[in-house]
Amino acid sequence: MAVDVTQLRRSPLGHRYRELEELSALAPQATLAEEPPCTQLNLRVRPGSPPLDRVERALGVALPSRPNTVCESVDGRYATLWLGPDEWLVVAPDGTAEPVCNALNTALNTALDGGPGSVVDVSANRAVLRLSGPAARDVLETGCSVDLHPRAFGPGDCVQTMLARAQVVLWQRDDLPAYWILVRSSFADYLTDWLCAAVRAQTRGR
Amino acid sequence: MLLIECPWCGGRDETEFGYGGQAHLSYPDDPHELSDERWAEYLFMRDNPRGPFAERWVHSAGCRRWFNVLRDTATNEITASYPIDAREPVAR
Ligand SMILES: [Zn+2]
C-alpha cells in the first residue's frame, strides 16, 4: 500500500507556531513566522550551455547569471536563486517536486550530450523563515556582516552568508522589507531562538 | 579579521572562508615516475615567503567555490583575488 508521505510530514518549526505568533503581535515592527512548505531543488548546469537554455524554457524562469540575485516568474510561483556560477536553488510550489524534477531532468538529459548537470530535490534540507517589517533589517544586522543597506541590497537580491554563526540563504522579498531566511532544518530551532531574542532587543521601546 | 574578496560574491569576512595553502601547484604528470623524495616534496614542501604569496581559499559559507588570493604574508594586505583557473597576476 502506498503511504501518503505528506501526511507524515512535520515542518521544522511547526511546534513554535504559537510562540512566533505571540511575539509578532508584541513586536509588529519585525514579525517572524515560518513559511508554509515549498519545493526546493538544487540545480547544477554549465552557464552559457544549450542545456541551460532548455532548463530556462522548461521552468519559465531565467537562471540569474549575476551572483547573489534572484529571478522570479511573473506569477511569483517559481523563483531561481543564484548559489554559484553553475548552481541555482529553484523554489517552486509545494507538491511540485516530482513533475518539476522530471521536466528539468528531461531538459538536462536531452541536451547535455554527456556534459555535467544535475537536479536534486532538497525541499527537506532547509526551513524557511519570514522576517518582515520596518525593523527587520535592524534585527538581521545584529548578527550578519553583509551590508543589507538598500544602497547595497534590495528586493530580488539573495546572499549565502552567516547569520548568528549559522549558514543561511537570505533573500529580500520586498521593500517593507521582508526577508526569507533559509536555514538547515537542524539549525532552525537555534536560529529561531536567536531571532526571537534579536527581535525583542531591537523592538524594545519602539 | 581579514576582509577577503570572493571573485563571485565580493568582500566577505574571513570567517566565511577556508584556507587551502599554496596555489598553482600542479599534480605531477606521472606520479609513478617520481622518486620518493620528489613525491614527498610535491606532497609536503611549500614556499614560505615573507611578502606576496599566492594561496587558495574556499568561500565555504557562501558560494563554496575555490579561488586564489595574492596576500602579503607580512602585512596581510590582499592585492588580488582571481578564479582558480586563472594565471597568477604578474603585477606584484
Ligand atoms: Zn563566493
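Computed from the coordinates by the stated procedures, all read-outs in this text should not be read as laboratory data. Since this is a predicted model, take the numbers as computed values, not measurements. Neighbour counts run over all protein chains shown; Cβ positions are idealised from the backbone, glycine included.
A few points about this structure:
- Summed side-chain charge close to A:Pro64 - residues other than A:Pro64 whose Cβ falls under 14 Å, Lys, Arg +1, Asp, Glu -1: -4
- Estimated inter-spin distance, A:Arg77 and A:Asp4, nm [label 7 Å along Cα→Cβ]: 2.1 nm
- Within chain B, helix-based [θ] at 222 nm, where runs of 4 or more DSSP H residues each add -39,500 (n - 2.57), nearest 500: -3000 deg cm²/dmol
- Sorted from longest to shortest, the spans of the Cα atoms of chain B along the three principal axes equal 42, 28, 23 Å.
- Each Lys and Arg contributes +1 and each Asp and Glu -1, all at the Cβ; summed about the Cα centre of the stretch A:39-121, the dipole is approximately 180 debye.
- A:Ala25/A:Thr110 FRET efficiency (R0 41 Å; Cβ-Cβ; nearest 0.05): 0.20
- Residue-averaged beta-carbon neighbours from other chains (10 angstrom radius) around B:59-70: 3
- Converting phi to 3J(HN,Hα) with the Karplus coefficients 6.51, -1.76 and 1.60 and the offset θ = phi - 60°, the stretch A:163-175 yields 10, 6, 6, 9, 6, 9, 9, 10, 10, 7, 8, 8, 7 Hz in sequence order, with x at every glycine or proline.
- Based on Cα contacts under 8 Å between residues 6+ apart, chain A shows a relative contact order of 23 percent.
- Peptides B:34-47, B:13-26, B:63-76 ordered by packing proxy, namely the average of other Cβ atoms within 10 Å per residue, highest first: B:63-76, B:13-26, B:34-47.
- Across chain B, Cα pairs under 8 Å and at least six residues apart give a relative contact order of 27 percent.
- Amide H contacts for A:Ser145 (H built 1.01 Å from N in the peptide plane; partners 5 or more residues away or on another chain; cut-off under 5 Å): A:Met162.
- Relative contact order of the stretch A:39-121, taken over Cα pairs closer than 8 Å and 6 or more residues apart, is 42 percent.
- Computed Rg/Rh of chain A, alpha carbon atoms with Kirkwood Rh: 1.00
- Centroid-to-centroid separation of the stretch A:138-168 and the stretch B:22-85 [C-alpha atoms, Å]: 31 Å
- The angle separating the long axis of helix A:185-203 from the principal Cα axis of greatest extent in chain A is about 40 degrees.
- Amide hydrogen neighbours beyond the local backbone of B:Thr73, cut-off 5 Å, H modeled: B:Gly51, B:Phe53
- Positive-end extreme of charge dipole, the protein assembly as shown - chosen from A:Ala166, B:Pro49, A:His149 (charges on Cβ): A:His149
- Counting Cβ atoms of other protein chains within 10 Å of each residue's Cβ and taking the mean over peptide A:154-163 gives 3.
- Taking Cα centre as origin and charging only the Cβ of basic (Lys, Arg, +1) and acidic (Asp, Glu, -1) residues, the dipole magnitude of chain B rounds to 360 debye.
- Derived scalar couplings between HN and Hα for the stretch A:140-150 equal 5, 5, 6, x, 9, 8, 6, 6, 9, 4, x Hz in order, rounded to whole Hz, by the Karplus curve 6.51 cos²θ - 1.76 cosθ + 1.60 (θ = phi - 60°), x for Gly and Pro.
- Distance-filtered residues of the stretch B:59-92 - backbone nitrogen under 15 Å, label point 7 angstrom along B:His24 Cα→Cβ: B:68-73, B:79-92
- Here the dipole of the protein assembly as shown is about 720 debye; that uses its Cα centre as origin and unit charges on the Cβ of Lys and Arg (positive) and Asp and Glu (negative).
- For A:Asn68, distant residues with modelled amide H under 5 Å away: A:Trp82
- For the stretch A:77-83, 3J(HN,Hα) per residue [Karplus equation, 6.51 cos²θ - 1.76 cosθ + 1.60, θ = phi - 60°, Hz, x = Gly/Pro]: 7, 10, 9, 10, 9, 5, 10
- Kirkwood estimate for the stretch A:39-121, i.e. one over the average of 1/r between Cα atoms, Å: 12.4 Å
- Charge dipole (the stretch A:39-121, unit charges on Cβ, about Cα centre) - positive-most of A:Val70, A:Thr80, A:Gly48: A:Gly48
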